[in-house]
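Chemist: One structure follows; several queries about it will come next.
Each reported figure results from applying straightforward, stated rules to the coordinates on display, with no laboratory input. Everything numeric in this text was worked out from a predicted model, so none of it was measured. Here the Cβ is made from the backbone with ideal geometry for all residues, glycine too, and neighbour counts use every protein chain on show.
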Amino acid sequence: MAEVRIDKFLWAIRAFKTRTDAADACKGGRVKVGDTNAKPSKAVQPGDLIHVRKGLVVFSYKVIQPTEHRVGAALVSQFAENLTPQEELDKMHAPVETFFIKRDRGSGRPTKKDRREIQQLWEAIDFGLDEDPS
């Protein structure tokens, strides 16, 4: 079989939704073959270990057979073996801490009523400046 680029392979085994996403991940240093960063044009061989960092999770795949054609989810296991440890997969479901700070009414962006009052104030000031004080 001809050489298969790593960005095409990652797209084909559904690690990324688009090939552009896979290429961007390679360019950004989030894809490693063995212990070295992989450029999008790196050729994959059977037996290669690929590590892909997506967010907090580092997915690990072993290449069984390179393919450049996108395969169905049920067929992915024929081309790549998912070696991702369970503790990495658990990071996907970890609770995300969100902070909501209570905002007092009137702080931050003005309300519609506030904007009308500000506009009336500016109009009053503009009319006052047009007059000559002498």
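Chemist: Does anyone have the angle between helix 112-130 and the longest principal axis of the chain? Alpha-carbon axes, 0 to 90°, nearest 10?
Modeler: Once rounded, the angle reads 50 degrees.
Chemist: Separate question: Under 26 Å Cα-Cα from LYS113, which lysines qualify once same-chain neighbours fewer than 8 residues away are excluded?
Modeler: Within the straight-line cut-off, LYS113 pairs with LYS102.
Chemist: Give the distance, in whole Å, between the Cα centre of segment 20-55 and the Cα centre of segment 59-97.
Modeler: Taking the Cα centre of each part, segment 20-55 and segment 59-97 sit 13 Å apart.
Chemist: Say a site is exposed when it is one of the GluC sites (Glu not before Pro), sits in a DSSP loop, and has at most 12 other Cβ atoms within 10 Å; what is then the longest site-free stretch of the chain? Don't jump to the answer; show the numbers that get you there.
Modeler: Numbers: sites that count: GLU3, GLU97, GLU131.
Maximal segment without exposed cleavage sites: 4-96.
Chemist: Turning to a different aspect of this structure: Can you run the Rg to Rh ratio on the chain? Use alpha carbon positions and the Kirkwood inverse-distance Rh.
Modeler: 1.46
Chemist: Let me ask you something else. Exceeding 18 Å between C-alpha atoms, which entries from my cross-link table qualify? They are LYS54/LYS91; LYS42/LYS62; LYS27/LYS62. Before the final figure, lay out each step's value.
Modeler: Details: LYS54/LYS91 11 Å; LYS42/LYS62 15 Å; LYS27/LYS62 21 Å.
Flagged as over cut-off: LYS27/LYS62.
Chemist: Which is the longest run of the chain containing none of the trypsin sites (Lys or Arg not before Pro) found in DSSP loop states (not H, G, I, E, B) with at most 15 other C-beta atoms within 10 Å? If you can, show how the numbers build up before the last one.
Modeler: Numbers: sites that count: ARG14, LYS17, ARG70, LYS102, ARG103, ARG105.
The longest such stretch corresponds to 18-69.
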